[in-house]
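Take a look at the structure below.
The values are calculated or read from the model by the stated rules, or taken from the named source; none is laboratory data. Owing to the predicted nature of the structure, the values given are computational and were not obtained by experimental measurement. No Cβ is skipped: glycine too gets one built from the backbone with ideal geometry, and neighbour counts run over all protein chains shown.
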Amino acid sequence: MKANPSLWKMSGVPTRICFEDVFLRPKRSRKEQDFELTHELLATIATHAWIRRPAQQPNEHESQQSNKHKSQQSSERESQQSKERESQKVQQSKEREWQKQEQQSKERESQKAQQSKEREWQKQEQQSKERASGRSRRSNPKSVSRRRRRSNRKSAYDEWRSGRCESAWLRWSKAGLRSASA
């Protein structure tokens, strides 16, 4: 029985696949022929069905609904994106503030450490000066008394200027006379 190509045309399969080509190939095994046939038929039928499918015309109500839905989705998406941007900005500002505070605290700590070191150095210098002056006092007692007189005169003068003690003027003048005569 010979295959009728008009049957193939009626079924929607293109005529390039022929019954004789598929089933009466002597060089191939039956398994290979079946495999090839099924794949070719499926591919062509799928292509044909996709091409011949009629384009559906959506009615106006459906198109309006879809447009409305799309616009709503886009507005929701935009609002979501704006919220995300705002949250990112807030997060970044918080991070910047935190980094700034961290930097300031580090600077304060370093300043405190520097000041404590400077105080320690000054203290050591003062102690070394006191040690050196203590040696000089022992060696020269006259300079010590002069130093004492100067300090007394200064404090008495300060008291007199502030008006706290009326006898401060007398003490200051006496100390001045003493230092002038010395």
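Kindly indicate whether R53 is at pLDDT below 65, at negative phi and out of contact with any Leu (no Cβ under 8 Å at 6 or more places or on another chain).
yes
Within the bounds of the range 107-115, is there any residue that is surrounded by 10 or more Cβ atoms within 10 Å (Cβ to Cβ) and modelled with pLDDT under 80?
Keep residues of the range 107-115 that are surrounded by 10 or more Cβ atoms within 10 Å (Cβ to Cβ), which gives 107-115.
Checking the rest, the ones that are also modelled with pLDDT under 80 come to none.
No, the range 107-115 contains no residue that is surrounded by 10 or more Cβ atoms within 10 Å (Cβ to Cβ) and modelled with pLDDT under 80.
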